[in-house]
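One structure is given here, and the rest of the page talks about it.
The values are calculated or read from the model by the stated rules, or taken from the named source; none is laboratory data. The structure presented is a predicted model; accordingly, all values stated were derived computationally and were not measured. Here the Cβ is made from the backbone with ideal geometry for all residues, glycine too, and neighbour counts use every protein chain on show.
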Amino acid sequence: MAKAAIQKEIFGVKTEIDADERTAEVVISTTAVDRDGEVVLAKGGVFENFMKNPVVLWAHKHDDAPIGRALWIKQGNKKITAKVKFAETEQAEEVYKLYSGGFLNAFSIGFISNKSHRPEPKEIAKLPEWANVWRVIDEWELLEFSAVPVPSNPEALAQAVKTKSVVLSDGIKADFDIDVEEDDEEIHYISDGVEKAVKKEPAKKEPEAVELKSVSLDVDAVFDVTPVDVVKVEPFVDMKAVVKEEIQRLKGRVY
C-alpha cells in the first residue's frame with residue numbers, strides 16, 4: 001500500500017517524572033481503538049529513522065524548535081513507551097512544569113502508515129471492541145512524537161494560571177484556548193493560624209451636598225403667549241353622498 005499522509009494518534013497516560021534528571025517516562029502509543037475508529041498496532045512501529053533524530057515536539061509544530069529528545073523507546077505488543085529528556089529552553093521548561101504539575105498527561109505520535117487492513121470477522125469475534133473499527137494499521141513509521149494539551153484539563157489549568165501557581169506564555173495559552181481574566185487585588189489576613197483572602201472593595205463615597213438656589217422665572221419668556229389669528233375651518237362635506245341624496249329626492253324617494 002502506498003504511503004498515506006502524516007497521521008496523529010493521541011494517548012493520555014500517567015506520566016512518571018524524574019525531577020533530578022528533568023525527564024519523563026511516558027506511553028506514546030497503544031493498541032486501543034482511537035477516536036477516529038482506527039487501531040495502530042504497537043508491534044508494527046518502525047523507529048530506525050526516528051532514532052537518528054529523536055525529537056520531541058510541542059503539539060506537532062514542525063516549524064518550532066523541539067522541547068526535548070527521546071533517550072530510548074521500548075516497543076511491546078500492546079504499547080510503546082519512551083523516556084523524554086526536556087530541553088533547557090524557556091518553552092521546554094514551561095511544558096515540563098505542566099507535566100510535573102499534573103496539568104498535562106498526554107503524548108501524540110506523528111506517523112506514516114505503510115500497511116493496513118479492515119478488520120476481519122474472525123478478528124472481531126476475538127476482539128469485540130473492533131466491531132466499529134474501520135482500519136487496523138499493521139505497519140507504520142514514526143516521524144516524531146509530541147507533548148499535547150489533550151486530554152489535559154483546561155479548566156484546572158486556567159485556575160492555576162489565575163491563582164498564579166502556573167505561568168504560561170501567550171503561545172501556550174493560545175494552544176490551550178485559555179483566556180484568564182485578572183482578579184481584583186486581594187489582601188490576606190492571618191488570624192489564629194488561618195489565612196483568609198478578602199476582596200478589596202473600593203471605599204464608598206458619600207454623596208456631595210448640593211446647594212439649592214432660588215431662581216426667578218420670567219413666565220412670558222418661558223411660555224410664548226403671543227395671540228395668533230384663528231383660522232376658521234369649514235366642516236368636511238361628502239359631495240358624493242349629497243348628490244346621491246338629491247337624486248333620491250328627485251325620484252320622490254326622499255322627502
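May I ask you to verify whether Val56 is assigned to a strand (DSSP E or B) and either modelled with pLDDT of 95 or more or surrounded by 15 or more Cβ atoms within 10 Å (Cβ to Cβ) (or both)? Lay out the reasoning, then the answer.
Numbers: assigned to a strand (DSSP E or B): yes; either modelled with pLDDT of 95 or more or surrounded by 15 or more Cβ atoms within 10 Å (Cβ to Cβ) (or both): yes.
Criteria met by Val56.
Could you check how many residues of region 30-58 are closer than 17 Å to Leu71 by Cα, of a type in the set (D, E, K, R) and in contact with an Asp or Glu (Cβ under 9 Å, 6 or more places away or on another chain)?
Total meeting the criteria: 1.
Just name the residue that is modelled with the highest pLDDT out of those in region 102-115 that are of a type in the set (S, T, N, Q) and farther than 14 Å from Val46 by Cα.
Residues of region 102-115 of a type in the set (S, T, N, Q): 105, 108, 113-114.
Add one more test, that the residue is farther than 14 Å from Val46 by Cα, and what stays is 105, 108.
Details: Asn105: 81, Ser108: 87.
By that ranking, first place goes to Ser108.
Can you name the residue in region 76-93 that is surrounded by 15 or more Cβ atoms within 10 Å (Cβ to Cβ) and in contact with a helix residue (DSSP H, G or I) (Cβ under 6 Å, 6 or more places away or on another chain) and is also nearest to Gly171 (Cα to Cα) among such residues?
Going residue by residue through region 76-93, those that are surrounded by 15 or more Cβ atoms within 10 Å (Cβ to Cβ) are 79-87, 91-92.
Retained after the next criterion (residues that are in contact with a helix residue (DSSP H, G or I) (Cβ under 6 Å, 6 or more places away or on another chain)): 79-80, 86.
On the way: Lys79: 31, Ile80: 29, Phe86: 18 Å.
Selected residue: Phe86.
Inspect all residues belonging to region 24-34 and state whether any of them is in contact (Cβ under 8 Å) with a residue 12 or more places away in the chain and farther than 30 Å from Ala174 by Cβ.
Our first condition is that a residue be in contact (Cβ under 8 Å) with a residue 12 or more places away in the chain; within region 24-34, this holds for 24-34.
Cutting the leftovers down to farther than 30 Å from Ala174 by Cβ gives us 31, 33.
Within region 24-34, one or more residues are in contact (Cβ under 8 Å) with a residue 12 or more places away in the chain and farther than 30 Å from Ala174 by Cβ.
Only one of (1) in a strand (DSSP E or B); (2) surrounded by 18 or more Cβ atoms within 10 Å (Cβ to Cβ) fails for Glu25. Which number is that?
The single condition Glu25 does not satisfy is (2).
Where residues in region 69-97 are among the small types (Gly, Ala, Ser) and in contact (Cβ under 8 Å) with a residue 60 or more places away in the chain, which of them is farthest from Val27 (Cα to Cα)? Full working, then the answer.
Taking region 69-97 and keeping what is among the small types (Gly, Ala, Ser), we get 70, 76, 82, 87, 92.
Keeping just the survivors that are in contact (Cβ under 8 Å) with a residue 60 or more places away in the chain gives 70, 82.
Values: Ala70: 12, Ala82: 6 Å.
Per the stated criteria, the residue is Ala70.
How many residues are closer than 17 Å to Asp170 by Cα and loosely packed, with under 14 Cβ neighbours inside 10 Å when one looks only at region 64-75? First the steps, then the outcome.
Within region 64-75, the subset closer than 17 Å to Asp170 by Cα is 64-65, 67.
When the remaining residues are screened for being loosely packed, with under 14 Cβ neighbours inside 10 Å, the result is 64-65.
Adding up the residues that qualify gives 2.
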